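Colleague: I am attaching a structure below and will ask some questions about it afterwards.
The values are calculated or read from the model by the stated rules, or taken from the named source; none is laboratory data. This is a predicted model, so every value here is computed, not measured. FYI the Cβ positions are ideal-geometry reconstructions off the backbone, even for glycines, and counts take in every protein chain you see. For the accessible areas, the whole protein counts, side chains as well, though only heavy atoms, and no ligand, DNA or RNA atoms are used. Shrake-Rupley method; radii C 1.70, N 1.55, O 1.52, S 1.80 Å.
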Amino acid sequence: PRVRSLLIATFIAGGSACSGVRESQFRPEGPMSPRLLPLQVHIVDLNVYRGEASLGGAALGEMTRQRTQDRAEETRLLIKRDLQENVFGSADRPAGHISFKVARKQGLQQWWAIPTGFSLLTMNLLGLPFNAYTTKVTMDVRVLDRSFQEIARYDASGESTAYIALYWGYSPDASTQVSLIDATKLALKAMKGQLQAATPGLNARLARQG
């Protein structure tokens, strides 16, 4: 028992060694060329709309509901930032609309608890993860003209895992956030890969509206 208490105390004291989320992680990459005419952005977060913590349908308590709202806001921030910095060109007014339906499925890799339990945290003190969160983000993206007539549609997804670990990993809360950020960035990268080739044709159709 004394050994276990000492290991637990060491784990708690070392919790500050876990990494947090850095501001630079909220910056998407991959500028497009040519750029798409600017569009009015509409984002629907299906997790919030459905009242679910994940696509698995877990019931929400107040804390989980707030966390879902926070993650939805982070997703919207990433999408808008990527569009403004890497996708849209300049124009006097929006040439149409772009809508996103975004869904997140997030799960904990609980099997890491087995070596943690058998080693009484010893392996974790050496760097073995306590757990890991995997997040998959899916996006249904539609480009519409000013009259809301659809002219293009794309599906994109991204998946990422963040580990809960001392020294090199993340804290439990940060791991959920980091896996979401990275999965969203991967989904946006996949979306831009599809959008890039279609941009000249899309711009021509949007410009014909006058």
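Table: residues versus (1) under 14 Å from the mean Cα position of the chain (by Cα); (2) crowded, with 17+ Cβ neighbours inside 10 Å.
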{"residue": "Arg146", "(1), (2)": "no, no"}
{"residue": "Ile151", "(1), (2)": "no, no"}
{"residue": "Leu166", "(1), (2)": "no, yes"}
{"residue": "Ala174", "(1), (2)": "yes, yes"}
{"residue": "Ala187", "(1), (2)": "yes, yes"}
{"residue": "Ala198", "(1), (2)": "no, no"}
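Colleague: Name the residue, out of Tyr154, Tyr163, that is hydroxyl-bearing (Ser, Thr, Tyr), out of contact with any Ser or Thr (no Cβ under 7 Å at 6 or more places or on another chain) and not in a loop (DSSP other than H, G, I, E, B).
Modeller: Within the list Tyr154, Tyr163, the selection yields Tyr154.
Colleague: Only residues in the range 65-80 that are aromatic (Phe, Trp, Tyr) count as the first member; pair them with residues that are open to solvent by less than 80 Å² (accessible area, probe 1.4 Å), Cβ under 8 angstrom, at least 6 apart or cross-chain, and list the lot.
Modeller: Final answer for the pair search is none.
Colleague: Something else about it: Name the residues in the range 67-93 that are open to solvent by 60 Å² or more (accessible area, probe 1.4 Å) and assigned to a loop (DSSP other than H, G, I, E, B), would you?
Modeller: Ser90, Asp92, Arg93
Colleague: Could you say whether any residue in the range 110-118 is buried (at least 18 other Cβ atoms within 10 Å of the Cβ) and at pLDDT 95 or above?
Modeller: No: the range 110-118 contains no residue that is buried (at least 18 other Cβ atoms within 10 Å of the Cβ) and at pLDDT 95 or above.
Colleague: Further question on the same structure: Looking at the range 194-202, is at least one residue among the hydrophobic types (A, V, I, L, M, F, W, C) and farther than 18 Å from Gly30 by Cβ?
Modeller: no
Colleague: Have a look at Leu36, Leu77, Leu55 and point out the one that is under 18 Å from the mean Cα position of the chain (by Cα) and modelled with pLDDT of 65 or more.
Modeller: None of the others qualify; the one that does is Leu77.
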